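Visitor: Take this structure first; my questions come after.
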Amino acid sequence: MSIEPTLSLPILGGEITVHAFGREHGCDFSFRGFDESKEQHKTHTPIFEALASIASEELEAFAAPSPSKMNAEIVWPGEIPCMSFSPGAEFRIYRGTDADGVTNLDASCGYAMSAADCALVVAKCGDIIVAAHAGRNSIIDMARVRGKAPRRYQSVVDSICRCAFEGQNLKDVRVWVGFSISPGPHFQHSMFDKENPHNSRLVTYVSETWGRECFKDDGHGRTLGWLDTKELIRRQFTSFGVPEQNIILDSMCTYSEMKDGEPVWYSNKRQLVAGEVQRRNLVAVVVND
């Protein structure tokens, strides 16, 4: 069975392409299982079939660190030790390291992540290309919000700017952000939610650090906490000096985008509300020759 992308989107002047695979294939593109063993193993899954449909002759591997801990870390492909491959495949998948993103991508090594509402960030500065998973807890340090010991990097954006682009002129950075849940009542952090008292601290912290514009509460101020993750990411980059005009926020929404009356993408929030089995989309970043 051939699995073709649901969407292929050239970004950053066509130098990079984002390929996304959604619900139409009826597959779960979760990387669960790849992390069960640190040893090399052979497998054949929809992930390999999907990635094979977009792999060029020059592409040798996809780096796919696990973002499950949302630790805001960025790694180099060579730091990912676990290799998985499919019989007959012309590429390998590197898995086995906990991190949100990968730096130093090129035509021989792409990036892959499975997600269902979390944003994808792709950033380029000179010859350095970074791709990263940017879930809510990847861009907001919840330990810091709750008054506990903060992690090394406050946000994956912090990690990209301080680590991946260390020594670079950040005014030259170009960024694309997309493929995430949109703000709305389906993604709220109400300041009055007694079951989640940390919501009030989260909303206050984000508003005071990056601005109230990170919330779109439809006339209710910020009290309902309709978090706009893409806007938050944009403001985090501009806080490091990346020019606003260098940042593109894509409009696609994993929660609400529909085609012929059916959702295009898997959405963690939508699946939770419906009581459905959790499934993931596959998103891959390929650097064009």
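Only the coordinates and a few stated rules stand behind these numbers; no lab work does. Just so it is clear, the model here is predicted, and its values are computed rather than measured. Using ideal geometry, Cβ is built from the backbone for each residue, glycine included, and neighbour counts are taken over all protein chains shown.
Visitor: In the range 149-187, what trypsin sites (Lys or Arg not before Pro) fall in a loop by DSSP, with at most 12 other Cβ atoms inside 10 Å?
Guide: R152
Visitor: Further question on the same structure: Between exposed GluC sites (Glu not before Pro) in the chain, where DSSP calls loop and at most 10 other Cβ atoms lie within 10 Å, what's the longest gap?
Guide: Longest run free of exposed loop sites: 58-165.
Visitor: Ok, one more. Using every pair of alpha-carbon atoms in the range 183-227, split the distances into 5 Å bins beginning at 0 and state the percent of pairs per bin, rounded to integers.
Guide: 5, 29, 34, 24, 6, 0
Visitor: Could I ask something else about it? How big is D, in µm² s⁻¹, for the range 183-271 by Stokes-Einstein at 4 °C and 1.567 mPa s if Rh is the Kirkwood radius over C-alpha pairs?
Guide: 90 µm²/s
Visitor: Something else about it: When the scattering of the range 134-212 is computed by the Debye formula from its Cα atoms alone, each counted once and equally, what is log10 I(q)/I(0) at q = 0.14, 0.17, 0.27 Å⁻¹?
Guide: -0.59, -0.83, -1.39
Visitor: Averaging the inverse of every distinct alpha carbon separation and then flipping it gives the Kirkwood radius. What is it for the range 49-98, in angstrom units?
Guide: 11.8 Å
Visitor: I would also like to ask the following. Work out the length of the dipole vector of the chain about its Cα centre, built from +1 on the beta-carbon of each Lys and Arg and -1 on the beta-carbon of each Asp and Glu, and round it to the nearest 20 debye.
Guide: Once rounded to the nearest 20, the dipole reads 1160 debye.
Visitor: Something else now. For the range 169-182, what does the Karplus curve 6.51 cos²θ - 1.76 cosθ + 1.60, with θ = phi - 60°, yield as ³J(HN,Hα) per residue in whole Hz, taken in order and with x for Gly and Pro?
Guide: Couplings: 7, 5, 6, 9, 6, 10, 9, 10, 10, x, 6, 9, 6, 8 Hz.
Visitor: Here is a further query. Show me the chymotrypsin sites (Phe, Trp or Tyr not before Pro) within the range 180-289 that DSSP assigns to loop and that have at most 14 other Cβ atoms within 10 Å of their Cβ.
Guide: F192
Visitor: Let me ask something else. If a paramagnetic tag sat 7 Å from the Cα of H198 along the Cα-Cβ line, which residues of the range 112-151 would have the backbone N under 16 Å from that point?
Guide: Correct set: 135-151.
Visitor: Which of the trypsin sites (Lys or Arg not before Pro) across the range 184-289 are loop residues per DSSP, with 11 or fewer other Cβ within 10 Å?
Guide: Sites meeting the loop and neighbour criteria: K194.
Visitor: Mind checking the dipole of the range 183-227: about its Cα centre, +1 per Lys or Arg Cβ, -1 per Asp or Glu Cβ, Debye to the nearest 20?
Guide: About 60 debye.
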